[in-house]
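Taking it in order: structure first as structure tokens, then the write-up.
The values are calculated or read from the model by the stated rules, or taken from the named source; none is laboratory data. From a predicted model like this one, the values you see are computed outputs, not experimental measurements. Methodologically, a virtual Cβ is constructed for each residue, glycine included, from the backbone with ideal geometry; neighbour enumeration extends over all protein chains shown.
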Amino acid sequence: MGRAEERRARGRSGHRAAPRRSSGVPPHTGDDGPTVVGTPSESGGGRAAARRAAKGAGRDGKGRIRRLFTWKKILGTFLGTCLLAIGSFIALYLYVDVPGDNAAAQAAQRQSNVYKYSDGSVLARAGDVNREIVDLSKVPKKVQYTFVAAENKSFYNDHGIDLKGTARGLLNTAMGKGAQGGSTITQQYVKNYYLSQEQTVSRKLKEMVISLKVDRQMTKDDILAGYINTSYYGRGAYGIQAAAQAYYRVDAEKLTVEQGAYLAALLQAPSQYDWSSASDTGKKLVTNRWNYVLDNMVEEGWLKRSERQEMTKLPVPREPKPAAGREGQKGYLIELANRQLEDQLMEQQGLTRSQAEAAVVDQGWTITLNVDKKRQAALEKAVKAELTARLDPKKRKVDKNIQAGAVSVDPKTGKIVALYGGEDYFKHYTSNATRADYQPASTFKPVILAAALENAAQTQDGDPITADTVYDGTSKRPVVDGGAKVGFAPENEDDQDYGDITVQTAMNKSVNSVFAQMGVDVGMKDVMAVAGALGMDTEDAQAVPAQTLGTMGASPLQMAGVYATLDNHGVKVTPGILKEAEHNTRKVEIPDPIGERVISRRAADTVTSVLTGVVDDGTARQAVANNPKRSGQKVAGKTGTSDDNKSAWFTGYTPDLVTSVGLFGEDAKTHAQTKMYGAGGFDRVNGGGFPAKIWASYMFGVTKPDARFSLQTDQGAGVRPTWTPTPSQTPTTEEPTDEPTTEEPSDEPTTQEPTDEPTTQEPTDEPTTQKPTTDPTGRPTGGITLDPARPDDED
């Protein structure tokens, strides 16, 4: 058989043919023994044998695995684990007893919180326990059902625990994910009455065991009575009787179903859902939950559908009663300190908002604030001197509807050093410093410019947007995008036309038409993204051109954070009021208010440079730049006035301090937003009026006169143009000055260039066409330290 035939034979047989040896050629024998010499097919056979051996070894390995993990062993392990878990639970059940009557012990543990200024001196002691136990028979049956409908519809049929919810809660606690709900009314009662609010596996296991035993030992009515009498409802009220008085000024037995449903809904987040201080979002959430409670009652047969259909409006609670130790500004400071401490407990210990409130209020905390005692007094004095002393409600009815709020922040540390929440916490429960239901108006314009610079945006003509970019400042000019009108044409204040003006001049004069177009040029999604990064709450805000007018709500606290981030060269500042919080021997870790960089330094510094123009030659000139209390402080800031005059703002900063002042029109009785026309005897209340005067009166007494901005930019009013004489022009010999002009102050921006700008020609309202840098000697000018050698994102 030839070789070809042999190969075909191998192919047909599916295996190699027997090796052929050449006749008469003996195998070679070497020193190490005989060497087998064969054809390639022989060596291939050796490899096949090796593979078969490896395969056999693999089968042996798999066999060992199969022998190790047989179904009997798996089943045995599973059953053993189950028996171990059951045995452990039985042991735990036998070991853990229901504690004795713990009401007295719980009440004894409740003690006043101590609040201190940053220097350690005592600000206030707050925390008289407000609790009165009432028998369940004193609570109307349908009001009892509201709590069951809100928290645990299966309450009357369960055995005290929700196994699925408890298992989920244990797993989440073990994994550090925090509280995830799932507790029955019995479990919540056990937690309130016998245990604590901490989120640990051992505490949850105890809660489960005690709940099972309590459900066997007590009637459902007793458990429900214990639950509604030990829960915290906010306003310092523990138990349904205290809550009924705190919110509706009635005893528990006089509560209506609608009122009971509100109190039941309130337990989920007492402070957030308190109607008198809730944000629009909070009011929406509690209204939804109120409806949820009533709908559940219908579903369970506890309320007739016809009765439910008549319950269309949540019963608004009464104003809170004054609490001891919270008079004046103390209540506003305590309120923010408590809220920020609760935030940390929620994040670090996994508590819900309700649990965190119960863990903070009346629990014996020693809380030290960042508030500087002297600056706090100075801010209160400034508001009194520049606002409240100038209002006369007897002479002008509108004057009784004027509310002020302010927050002052150190931009380098993020510490809230002073806060003004209102005339008196006893007279106005809602803090004007933290409320976010009024429009920030034109104080939003710097955010639009920051977004333009951060995104290297261009105009519709493809020109880069800078401080020198020229826009059409015609009032009611239709905003365009790609040549098409977008259906938005905002009016400038007093419907004034400005024609072609630079971005710098538009910021100085707060020209709406320019920034509306700029917002579309940048892209409103990018504008809102930068707003959120800087610290504004943009979660529910639509990215539409109308937002360029500052139409979404904001608080002085938020705006102080936004401008502090600009002052801090683009590194995020989240204002914090907490310095230390200690409970017994345990301290809560307070996060650093200074975060990560959110916009480039060059973008932030350019906005600051531009905002110096608003002060020295814009809408804040009279109240701030020309203020006799000014001692050379360098200031950047922006005024804002809503188009319906319901709010007016000035948010500004020196190199070492940021303060946002807001003025709000609010009906003294209904708390509805009102217009401020005529307040203080002025036709219109604008940001350059009361807010700017309050700001200047406070800031020029607590900031360093010699502090200078260190800016990395070559744009804006804070940078002087290059001083380059030409053959046909001779530079003026007048020495530049940092002082504002001496002309008669005016509320309107001047049409003359400030005298602190050396020029080579007659002053003009438009900036020079040369690129601004330094003076002839190469030194930084205008009180601004330029630092171009530093990397763009270096702090």
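Looking at the range 687-699, can you tell me whether even one residue there is more than 28 Å from the chain's Cα centre (by Cα), of a type in the set (D, E, K, R), in the same structural domain as GLN558 (by TED's automatic domain parsing) and at pLDDT 95 or above? The answer is yes; a qualifying residue exists. For the residues LYS509, LYS476, the requirement of being touching a residue at least 60 places away in the same chain (Cβ under 8 Å), of a type outside the set (Phe, Trp, Tyr) and either surrounded by fewer than 22 Cβ atoms within 10 Å (Cβ to Cβ) or under 23 Å from PRO440 (Cα atoms) (or both) singles out LYS509. In this structure, ALA237 does satisfy being in the same structural domain as THR146 (by TED's automatic domain parsing), buried (at least 21 other Cβ atoms within 10 Å of the Cβ), farther than 26 Å from ASN157 by Cα and among the hydrophobic types (A, V, I, L, M, F, W, C).
HIS428 fulfils the conditions (1) part of a loop (DSSP other than H, G, I, E, B); (2) modelled with pLDDT of 95 or more except for a single criterion, (2).
Would you mind listing the strands (runs of 3 or more DSSP E) fully within the range 613-678 where at least 2 residues are modelled with pLDDT of 95 or more, buried (at least 24 other Cβ atoms within 10 Å of the Cβ) and of a type in the set (Lys, Arg)? Counting at least 2 such residues, we get no strands (runs of 3 or more DSSP E) at all.
State whether the residues of the range 159-177 include one that is surrounded by fewer than 16 Cβ atoms within 10 Å (Cβ to Cβ), at pLDDT 75 or above, assigned by TED's automatic domain parsing to the domain that holds GLN268 and over 25 Å from LEU345 (Cβ atoms). Scanning the range 159-177, I find at least one residue that is surrounded by fewer than 16 Cβ atoms within 10 Å (Cβ to Cβ), at pLDDT 75 or above, assigned by TED's automatic domain parsing to the domain that holds GLN268 and over 25 Å from LEU345 (Cβ atoms), so the answer is yes.
Can you pull out the residues in the range 252-296 that are of a type in the set (Lys, Arg) and touching a helix residue (DSSP H, G or I) at 6+ places or on another chain (Cβ under 6 Å)? Listed by number, the list holds a single entry, ARG289.
Checking the stated criteria, ILE590 turns out not to satisfy the condition of being crowded, with 20+ Cβ neighbours inside 10 Å, assigned to a loop (DSSP other than H, G, I, E, B), touching a residue at least 60 places away in the same chain (Cβ under 8 Å) and not basic (Lys, Arg). Restricted to helices (runs of 4 or more DSSP H) entirely inside the range 270-386, those with at least 1 residues that are in contact with a Ser or Thr (Cβ under 7 Å, 6 or more places away or on another chain) are 270-273, 280-299, 330-349, 353-360, 373-386.
Cβ-Cβ contacts under 6 Å between residues 6 or more apart (or on different chains), taken from a first residue in the range 300-313 that is outside the structural domain of LYS284 (by TED's automatic domain parsing) to a second residue that is exposed (fewer than 10 other Cβ atoms within 10 Å of the Cβ), are absent. Of all residues in the range 690-713, those satisfying the criterion of being in contact with a Gly (Cβ under 8 Å, 6 or more places away or on another chain), more than 13 Å from ALA406 (Cα to Cα) and crowded, with 19+ Cβ neighbours inside 10 Å are PHE709, LEU711. Take SER271 and decide whether it is on the phi < 0 side of the Ramachandran plot and buried (at least 19 other Cβ atoms within 10 Å of the Cβ). Answer is yes for this residue. Filtering the range 668-704 down to residues that are charged (D, E, K, R) and out of contact with any helix residue (DSSP H, G or I) (no Cβ under 6 Å at 6 or more places or on another chain), which residue is farthest from LEU391 (Cα to Cα)? This residue is LYS704.
Of the residues making up the range 545-573, those that are under 19 Å from GLU454 (Cα atoms) and among the β-branched types (Val, Ile, Thr) are THR548, VAL562, THR565, VAL571, VAL573. Reported count of residues in the range 538-563, each being within 17 Å of GLY640 (Cβ to Cβ) and out of contact with any Lys or Arg (no Cβ under 6 Å at 6 or more places or on another chain), is 18.
Per the conditions (1) closer than 22 Å to GLN344 by Cα; (2) of a type in the set (D, E, K, R); (3) buried (at least 24 other Cβ atoms within 10 Å of the Cβ), the sole criterion not satisfied by GLU539 is (3). Looking at the structure I just gave you, is SER475 polar (S, T, N, Q), within 16 Å of GLY640 (Cβ to Cβ) and in contact with a Ser or Thr (Cβ under 7 Å, 6 or more places away or on another chain)? Against the criterion (polar (S, T, N, Q), within 16 Å of GLY640 (Cβ to Cβ) and in contact with a Ser or Thr (Cβ under 7 Å, 6 or more places away or on another chain)), SER475 does not qualify.
Among the residues of the range 341-398, those that are at positive phi and crowded, with 16+ Cβ neighbours inside 10 Å comprise GLY350, ASP362. Per the listing SER276, SER231, the residue uniquely at pLDDT below 95, small (Gly, Ala, Ser) and surrounded by fewer than 21 Cβ atoms within 10 Å (Cβ to Cβ) is SER276.
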